[in-house]
Each structure stands twice: as structure tokens, then as C-alpha cells.
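Data first, discussion second: the structure below is written as C-alpha cells.
Read-outs: derived from the displayed coordinates by stated rules, not from any lab. This structure is a prediction, so every number in the text was calculated from the model and none was measured. Positions of Cβ are generated from backbone atoms using ideal geometry, with glycine treated the same way; all protein chains shown enter the neighbour counts.
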Amino acid sequence: MKDFSYAAPKTVKEAISVLAKVKGDGKIMCGGQSMLVLMKQNMLTPEHVVDIKGVSGLNYIRYSEKEGLRIGALATHSAIEKSPIIKKNCPVLAEMEDNLAVVQTRNWGTIGGNVCHGDPAADPPSVFIALNAKYKIMGPHGERLVAAEDFYKDYLEVDLEPDELLCEVQVPTVPANAGVAHDKLMAQKGDMGIVGAAAMVTLHPSTGACEDVRIVLTNVASTPFRARNSEKVLIGKVIDEKLLEEAGKIASEEVNPPSDVHGSEDYRRDMARVFLKRVTAKALEKAKQKK
Amino acid sequence: MKEELRDLRFTLNGREVELKVKPKTLLLELLREDLKLTGTRTGCEVSACGACTVNIDGKAARACSILAVQVHGREVVTIEGVADGEKLHPIQEAMVNHGAIECGFCTSGMVMSARALLLENRRPSREEIKKAIQGNLCADSGYMKYVEAIEMAAKAMQGK
């Protein structure tokens, strides 16, 4: 690993001023569970590491009906997995965490670090996009909110200026008539998804037709892939197997997956179809049960 | 600015440790190379095998994937700190008695994952035990014996 200088600010304000001082040569580290793997291979060689693991006031999980769920950037994966607040108000996140890496990684890795890493194979970004979440970002000029969907620019590239810090994930309250699901293709529990999917289905309370649907696929493009054209096929209709198949086929044609030792491009395309169908059907079932 | 040494103070196996480290020093390097605590194993070094598992503030974590400076002010326990002097910890005792050992390379990591589990959950189910050691690979696939030994240890610790 290359040498770097190191700062461990104690407050958000201090962190931003350190980041501003090192002008783009700095890299924020929190749990470092993704970052250190890259640094050890010298694929990432920051001049300065700004360690925010000790920043106060960013480690929380809270919920109110009005504001929805608020998760501080420093909340660990384990904290989310075990939180009674999450289990009660957004259980899909706990289910997702159960399949995210292993205990040791979840104990040290944080949600903020995960979503800022920008790995298109990661699970949390897809679930947050399906849930229509926003990220709160602090910088020298104050705070801004960005939709999770707009945050991902390219492979490992996100909408974060060198002097900005992601502080919070804001998840709106899941409507009473909606169901959310996540699943991924894994050779072994805890693996990165060879292909993954997250979906939120909102049903019309009386007709049972699909009022709204948000479907996101992972590891099939350079960013999380929002399957908008698949969604269009489902909105306004009573979802059935035939429509799901059509939606899945559309996505399998639109995605641009990598080809590697875990799966060829063709295989991933087909799995995009399968997982879009499977996860949307699961979200649909959950929405029906809630009615 | 580079190479500057950082002050690091933490509790290691019940003792206060104070030293200076390079920011890029991994916790695993600090433990094995500087402090000569070689019970924590160097395995894959990419967060895949769990051989380097230690307990930080009572939770299982991977020493190969944590900067040493990050344990400042925290409590670290390694395999060397598990037994009470000459008296083995019930987890170690159960593993010895039950033959839960193959080549032994993954054993210290398994003990540390089991220790963290039993600190949090005194009566784990078999599923919970499996989940707790999910991140610990045994190249000899000696998992069943480990699971059974952890079950025995949990019972022994409850006085059963």
C-alpha cells in the first residue's frame, strides 16, 4: 500500500475543512471495507485519507411517519441489520443486510461508505433507489439533497465534490399499499450479486392495479440500472406472469452487463430477466399482503 | 506530510498499549509484526477468509481490512487474550474436547467469531452459530465440528 497522510476529524465541519484544504487529493474513509481492498492493490492511491469513523453525530437510525427513515452515514451494516426501527418500518433493508458480505465486514463497514463507493454490484444503492431515497450531502456551502438515483455517474464515480461529505440517507415512508423486495444471485450467501434486483410495487387500494413501480438492477451496467421501460409495461395494469415476462425481457435487452469469471454477458442478461421477474413478483406479493 | 507517525492508544487483551504507527499500517500488521501476536492469522488479506478475525469492542472484525489507527481508544481482543491464564476459554475447551480442529489455520479466527457471538447472544441457535462463522473459511471443511463445539461451549457457559 502507498503511504498517505492521515486526518481524523471529529466533526462534520472539521471534516469538510480538511477536505477543502487537501483539494481533491483527499479520500474519505469510514469503515474502509471496500476502499482498503483497492488501496492494498494500489488501484486507489490517495495522498490524504480523511477518516470520518470518529466524526460525532452521524451514527443513528431514526424514524418518524412524517420524515420517514433517517440513517446516519456512520451507521454500520450490522446496526441496520439488527435495528428494531428498520425491522418495523423498512424490513427490506434488514433482509438486504443479511445477505451483504459477512458478519465481520458488516460490523465495521458503514452504509455511507457503501453508497459512496459507487460499485454497481452493491446492494444498498439499488434498494435505496427503489425506495426513492435521498442522500444528504454537506459541503463548505451548506447542505444539498440528491436523489439516490441521480447520485451514480459511472463505475465507482458518484456525485460528490472533493470537499463534500455524505451525511445521511433519507428513506421516505413506504406507502401502506406498497411492497418492497430485494434479492440477488449468489453462489454463496453474502457474495456480491452476480446480478441483483430491488423493486417497490405500489398497488391501487381498490382495483389492485399497479399504481407505481420502481425496479433497479445491479451488476448489469456501470451504475445501478433503473429499468424504466420495464416499469412502463407494468404501470396501470394488474400485474401477471405474462406482463412480468415482458418486463423482464425488455430489461435483458437494455442492460449492458460485464462478462467475468462469475458470469458471461449473456448469462447476466438472462439473469437480469429472471431476477427482475422474481423480485418484482415478491414485492407484488408483499403489497397484496399489506392490503 | 507523508509517513508521519500517529499516536495510537488502545486496550489489547486487557492491557493498555501506547505506540506510534504509520497511518497505512493495518491492524493485522501491527498485531503480528510489531507486537508479535502471531495467533491472528494472515490468510487471504482481502476480506475473504476470516483467518485474521479479532474482536473490537466485543464484535468480530477483520484485522486485515482495518487501519491500525482506527482502533484508537477501543478494546481489541485477539486469540492470545481469550484464555484466562492457563485456563482455556469454554470455546477453546469445547473445540479441544470435540476435536473441532483440522490443520488449525482457521481456528483462531473461528474462536474469535464464536467469542463475539456468545458475548452478544448467550443461547444461539444452530442457525445463528452458522451465521456467526459464515465469514470464516475452513479449507478442510471442518465446519460441523466447529458448530457443534460452539453449541457445547454455549451450554457449558450457561452451566449446563
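A few remarks follow.
- Ignoring aspartates and glutamates fewer than eight residues from A:LYS88 along the same chain, the ones with Cα atoms less than 17 angstrom from its Cα are A:GLU65, A:GLU67, A:GLU97, A:ASP98.
- Kirkwood-based shape ratio for the protein assembly as shown, expressed as Rg/Rh from alpha carbons: 0.99
- Rh (Kirkwood; distinct C-alpha pairs) - region B:6-81, Å: 12.0
- The value obtained for region B:79-126, namely the Cα convex hull volume divided by the number of residues, is 91 Å³ per residue.
- Degrees separating the helix A:265-290 axis from the principal Cα axis of chain A, which is the longest one: 70
- 3J(HN,Hα) from dihedral phi, region A:115-131, Karplus parametrisation 6.51/-1.76/1.60, rounded to Hz, x for glycine, proline: 6, 7, 5, x, 7, x, 8, 5, 7, x, x, 5, 5, 5, 5, 4, 7
- Given charges at Cβ of Lys, Arg, Asp, Glu: the protein assembly as shown dipole, positive-most of A:VAL180, B:ILE133, B:ALA51: A:VAL180
- Within the listed set B:ASP140, B:ASP84, B:ASP57, the residue fluctuating most in the Gaussian network model of chain B (springs between alpha-carbon atoms under 10 angstrom) is B:ASP84.
- The calculated FRET efficiency for the pair B:LYS130 and A:HIS141, based on their C-beta separation and a Förster distance of 60 Å, comes to about 0.75.
- Using θ = phi - 60° in the Karplus curve 6.51 cos²θ - 1.76 cosθ + 1.60, the 3J(HN,Hα) couplings for region A:81-93 round to 4, 9, 5, x, 5, 5, 4, 7, 9, 7, x, 4, 5 Hz; x is entered for Gly and Pro.
- For B:CYS49, the residues whose amide H sits under 5 Å from its own are B:CYS44, ignoring neighbours fewer than 5 places away on the same chain, with H placed 1.01 Å from N.
- Amide hydrogen neighbours beyond the local backbone of A:GLU168, cut-off 5 Å, H modeled: A:ALA73, A:LYS136
- In order along region A:180-188, the Karplus-derived 3J(HN,Hα) couplings, from 6.51 cos²θ - 1.76 cosθ + 1.60 at θ = phi - 60°, round to 10, 9, 9, 7, 8, 8, 10, 6, 9 Hz, and Gly and Pro are given as x.
- Estimated D of region A:1-121 in µm² per second, where Rh is the Kirkwood radius over Cα pairs and Stokes-Einstein applies at 4 °C, 1.567 mPa s: 84
- nm² value of the averaged projected area, convex hull over the Cα atoms of region A:1-64: 5.0
- Each 10 Å bin from zero holds the following percent of Cα-Cα pairs in chain B: 11, 41, 32, 12, 3, 0.
- Modelled spin labels at B:ALA156 and A:LYS288, positioned 7 Å past Cα toward Cβ, are 5.1 nm from each other.
- Rounded Å value of the spacing that divides the Cα centres of region A:1-50 and region B:104-160: 35
- Longest exposed-site-free window of chain A, the sites being chymotrypsin sites (Phe, Trp or Tyr not before Pro) in a DSSP loop that have at most 16 other C-beta atoms within 10 Å: A:156-291
- Taking 21 Å as the straight-line reach from the Cα of A:LYS27, the lysines in range (excluding those fewer than 8 positions away in the same chain) are A:LYS2, A:LYS10, A:LYS13, A:LYS40, A:LYS53, A:LYS136, A:LYS153, B:LYS2, B:LYS22, B:LYS24.
- Degrees separating the helix A:241-254 axis from the principal Cα axis of chain A, which is the longest one: 40
- Per-residue ellipticity at 222 nm computed for chain B from its helices equals -8500 deg cm²/dmol, with DSSP H segments shorter than 4 residues left out and the rest contributing -39,500 (n - 2.57).
- Structure-based [θ]222 nm, chain A - -39500 (n - 2.57) summed over DSSP H runs of at least 4, per residue, nearest 500: -10500 deg cm²/dmol
- Debye intensity ratio I(q)/I(0), log10, region A:61-171, q values 0.15 Å⁻¹ (C-alpha model): -0.59
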